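Peer 1: Quick one: structure below, then a few questions.
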Amino acid sequence: IDNITWPLNMPRPVNGKPGNEKGGMTFDLLCIASAYCFLHELRHVQLRNQGTNLDSIQEEHACDDYARVFLLDEIEHYAQQTGYNLAKLKSKRTMGIALASIFLLVVTPESCWHGSRTHPSVVSRIRSLTDAVGVSNNDYFWSYLACLLLSVFCVRRMSIDSAIVGTQREYCYFLLSKIDSRLTSSFSRPET
């Protein structure tokens with residue numbers, strides 16, 4: 001990175017975690033998202049070495065599950081050891097996982113959002129995550145995920161009808177259903 005002009009308002013990775021709250025939270029979310037992606041890919045290697053009989057789509061879901069479980073399963077023990085608030089810790093970890101999931105959505109061409117022979121739909125992957133995180137219906141995770149989803153709507157110039165929902169979780173599921181219905185009406189499943 002020494003050969004590029006680094007933006008002045010962006011912390012340099014070599015400086016480690018920023019000391020201010022906003023920078024520190026951003027750093028933590030990026031680290032968690034990166035860990036999730038790395039763990040997902042690591043699981044692919046493990047499954048291939050074990051010679052499992054999963055089809056490609058089952059393997060993708062298994063790798064997502066592995067990464068999520070790795071980051072969340074021992075979280076209560078970690079909170080006890082460190083004294084961190086368990087609810088806030090779980091919110092932060094799940095927010096990092098949500099960031100990784102939305103990254104998948106963003107880097108996947110829209111024509112492939114509904115899946116292929118080798119990958120499940122991005123909406124089904126995000127729904128698997130949201131079904132498994134185990135946070136309250138109005139946890140910060142849902143606000144963060146809604147913001148990430150709304151940014152996708154904004155960048156893709158997708159319209160959203162107004163909706164009455166009782167919880168932040170319901171709003172996220174509403175947004176995911178809008179992405180899903182757009183896919184259903186716009187694209188057919190590709191063969192590759």
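Peer 1: Which of the residues spanning segment 30-73 are closer than 18 Å to Thr130 by Cβ and outside any helix (DSSP H, G or I)?
Peer 2: Asp73
Peer 1: Regarding segment 128-137, can at least one residue be identified that is over 14 Å from the mean Cα position of the chain (by Cα) and hydroxyl-bearing (Ser, Thr, Tyr)?
Peer 2: There is at least one residue in segment 128-137 that is over 14 Å from the mean Cα position of the chain (by Cα) and hydroxyl-bearing (Ser, Thr, Tyr).
Peer 1: Going through segment 112-133 one residue at a time, which ones are touching a residue at least 12 places away in the same chain (Cβ under 8 Å) and surrounded by fewer than 15 Cβ atoms within 10 Å (Cβ to Cβ)?
Peer 2: Correct list: Arg117, Thr118, Ala132.
Peer 1: Within segment 134-165, can you find the residues that are assigned to a helix (DSSP H, G or I) and open to solvent by less than 70 Å² (accessible area, probe 1.4 Å)?
Peer 2: Matches in segment 134-165: Phe141, Trp142, Ser143, Tyr144, Leu145, Ala146, Leu148, Leu149, Leu150, Ser151, Val152, Phe153.
Peer 1: Would you please list the contacts, defined by Cβ atoms under 7 Å and residues six or more apart or on different chains, that run from a residue in segment 6-18 that is more than 14 Å from Leu29 (Cα to Cα) to a residue that is of a type in the set (Lys, Arg)?
Peer 2: Trp6/Arg12
Peer 1: Look through segment 6-32, keep the residues that are of a type outside the set (A, V, I, L, M), touching a Gly at 6+ places or on another chain (Cβ under 9 Å) and open to solvent by 70 Å² or more (accessible area, probe 1.4 Å), and return whichever of them is modelled with the lowest pLDDT.
Peer 2: Pro11
The values are calculated or read from the model by the stated rules, or taken from the named source; none is laboratory data. These numbers come from a predicted model, not from an experiment. Because the Cβ atoms are built from the backbone with ideal geometry, glycine has one as well, and the counts that use them run over all protein chains shown. We work out accessible area using only protein heavy atoms, side chains counted, and drop any ligands, DNA or RNA first. Shrake-Rupley method; radii C 1.70, N 1.55, O 1.52, S 1.80 Å.
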